[in-house]
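The values are calculated or read from the model by the stated rules, or taken from the named source; none is laboratory data. Source: prediction; values computed, not measured. Ideal geometry is used to build each Cβ from the backbone, glycine not excepted, and the neighbour counts take in all protein chains shown. The accessibility values were calculated without ligands, DNA or RNA, using every heavy atom of the protein model including side chains. Shrake-Rupley method; radii C 1.70, N 1.55, O 1.52, S 1.80 Å.
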Amino acid sequence: MQLLATGNFYFRSDIMNRVNDNFRILPASYLFSEVGRRVTAFKSENPLADLIRMDIGDVTRPICPAAVEAMHQAVDDLSRSETFRGYGPEQGYDFLRNTIVEWDYRRRGLDVSEDEVFISDGAKSDLGNLSDLFSADARVAVTDPVYPVYVDTNVIAGRAGTLEGDRWSRIIYLDCDAEDGFIPRLPRERPDIIYLCFPNNPTGAAVTREQLKEWVDYARREGCLIIYDSAYEIFVADDRYVRSIYEVEGAREVAIEVRSFSKTAGFTGLRCGYTVVPKELRATYPGGEPCSLNQLWNRRQCTKFNGASYIAQCAARALYSVRGRAEIQADVDYYRQNCRTLSEALTGAGIRFCGGVASPYLWVKAPGELTSWQCFELLLRRAGVTCTPGSGFGRCGEGYIRFTAFNTHEATARAAERIAKTLK
Ligand SMILES: *Cc1c(COP(=O)(O)O)cnc(C)c1O
């Protein structure tokens, strides 16, 4: 350690040199900052341009009245000594765990119990925190294109190996393409942990029971864990597609399901989600000693988490009331209408795309040989419309762009017309 002399004092030049080196090798997250940079540049060059944002990665409809009323009530509870609540259970309040089990699982004929549901401040934290449960040498598989959180959290945990070009040496990539409807094929190399997300961000692909069964069967056969992200399950209206992985027989033995109220009810700023860890999930320590992932996750949460806020949990419970269900359905229908507007315009112009049926995302093939970023520039300059370049989600996203359904009906209709004209 170097010591710097300044008058009579000695200052150390730096603090301890044991910073997690994985942060150094983690590339800067480039996608959304680059989109932002180009949009800002475009606006300053074209101050009068009527730019329509179709890259919005956040919901725009406000939180529904049923949840807002529940929050007002919760604030009042906290303001009076008779109803005040301090620390809540680390796993979440029983009133919410019971409601979730009843509405999201039992009423759909799915077997999940209260002590398997862990309330959190959202899916992103849970997806990252689950990393605590696995050894540093566990092999991880992700789809390509992919929601970047799965990869980056494993890089931080030291499971990714070294970056070779655009890929990590120890991560198993499941390449997806249009031919397979962006549903991954089983891996050639056996992973320990498989991240799956359906309905998918960014491709909008939803999975059928038969397709997902192949994965559950594979995981049972090979002894893999599936981490199933179903943040967009509410967008599934067609019974052919899966809303929960537990709709597939045997999934309780191999799958953790991560869910969120962010996209289902506009809780992106309020923060509440939950993770289901079935008691059947039997894993072993590297020495072979068996353990329960449900107990491990409970221990992890009790150690590092003090529960989601009472106010957020009261709001989440209200979403399951008669009024709450109707109100969030109306918001989902609002976004669905945008999907239809965009889908019709793209279909009418003969543009190839997928998604937009069971998800708020449309995944569109750039015309000809255009790269994702070239298509982004074309749309920005010729149509005054933004999108998210697919290449930002992985190698297999090259040549694609993503539109979201999170704008207003009016803006979406205008954008759809311009997109159709520009890309056809
Ligand atoms: C938005 C999103 C989430 C939800 O994250 P929260 O932390 O709950 O807001 C999870 N997974 C995917 C793929 C998402 O797009």
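Backbone phi angles across the stretch 341-350, fed through the Karplus curve with coefficients 6.51, -1.76 and 1.60 (θ = phi - 60°), yield HN-Hα couplings of 4, 5, 4, 5, 5, 5, 4, x, 8, x Hz in residue order; Gly and Pro are listed as x. Computed over the chain with a Gaussian network model linking Cα atoms closer than 10 Å, the most mobile of Thr303, Thr268, Thr203 is Thr303. Can you bin the stretch 66-320 into rounded, prolate or oblate? Criterion: square roots of the alpha carbon gyration tensor eigenvalues sorted a ≥ b ≥ c, rounded for a/c under 1.5, prolate for a/b above b/c, oblate for the rest. Judged from the Cα gyration tensor, the stretch 66-320 comes out prolate (a/c at least 1.5, a/b above b/c). Surface composition of the chain: carbon and sulfur make up 51 percent of the accessible area, probe 1.4 Å. For the stretch 66-320, the share of DSSP beta bridges that are antiparallel, to the nearest 5, is 45%. Counted residue by residue at 0.36 nm each, then reduced by the alpha carbon distance between them, the extension gain from Asp132 to Arg323 reaches 64.9 nm. Using only Cα atoms, locate the centre of the stretch 127-199 and the centre of the stretch 345-424, then give the distance between them in Å, rounded to an integer. Here the two parts' Cα centres lie 26 Å apart. Counting charges near Asp121 (Lys, Arg +1; Asp, Glu -1) among other residues having Cβ under 14 Å from its Cβ returns a value of +2.
Here the simple spin-label model places points 7 Å from the Cα toward Cβ, and for Asp111 and Gln374 these points are separated by 5.4 nm. Each Lys or Arg adds one and each Asp or Glu takes one away; over the other residues whose Cβ falls under 13 Å from the Cβ of Ser321, this sums to 0. Packing-based ranking of 154-166, 227-239 yields 227-239, 154-166, ordered from highest to lowest mean Cβ neighbour count within 10 Å. Ranked by the mean number of other Cβ atoms within 10 Å per residue, highest first, peptides 367-377, 71-81 order as 367-377, 71-81. Using all pairs of distinct alpha-carbon atoms, the Kirkwood hydrodynamic radius of the stretch 265-310 works out to 12.8 angstrom. The mean sequence separation of alpha-carbon pairs under 8 Å and at least six residues apart, normalised by the residue count of the chain, gives a relative contact order of 21 percent. In the context of the full set of protein chains, residues of the chain present 47 Å² of accessible surface per residue (probe radius 1.4 Å, heavy atoms only).
Mind checking which of Leu225, Leu133, Leu379 has the largest fluctuation in a GNM of the chain, springs on alpha carbons under 10 Å? Of Leu225, Leu133, Leu379, the Gaussian network model singles out Leu133 as fluctuating most.
If you take all other residues with their beta carbon under 14 Å from the beta carbon of Thr386, and give Lys and Arg +1 and Asp and Glu -1, the sum is +4. For the chain: lysine pairs with Cα atoms under 16 Å, gap of 8 or more or different chains, count? Eligible lysine pairs with Cα atoms under 16 Å apart amount to 4. Backbone geometry of the stretch 135-146 corresponds, through the Karplus equation with coefficients 6.51, -1.76 and 1.60 at θ = phi - 60°, to 3J(HN,Hα) couplings of 6, 5, 9, 4, 8, 10, 10, 10, 6, 10, x, 8 Hz, x marking Gly and Pro.
Where a ≥ b ≥ c are the square roots of the eigenvalues of the C-alpha gyration tensor, would you call the stretch 49-157 rounded, which needs a/c under 1.5, or, failing that, prolate if a/b is larger than b/c, or oblate? Oblate.
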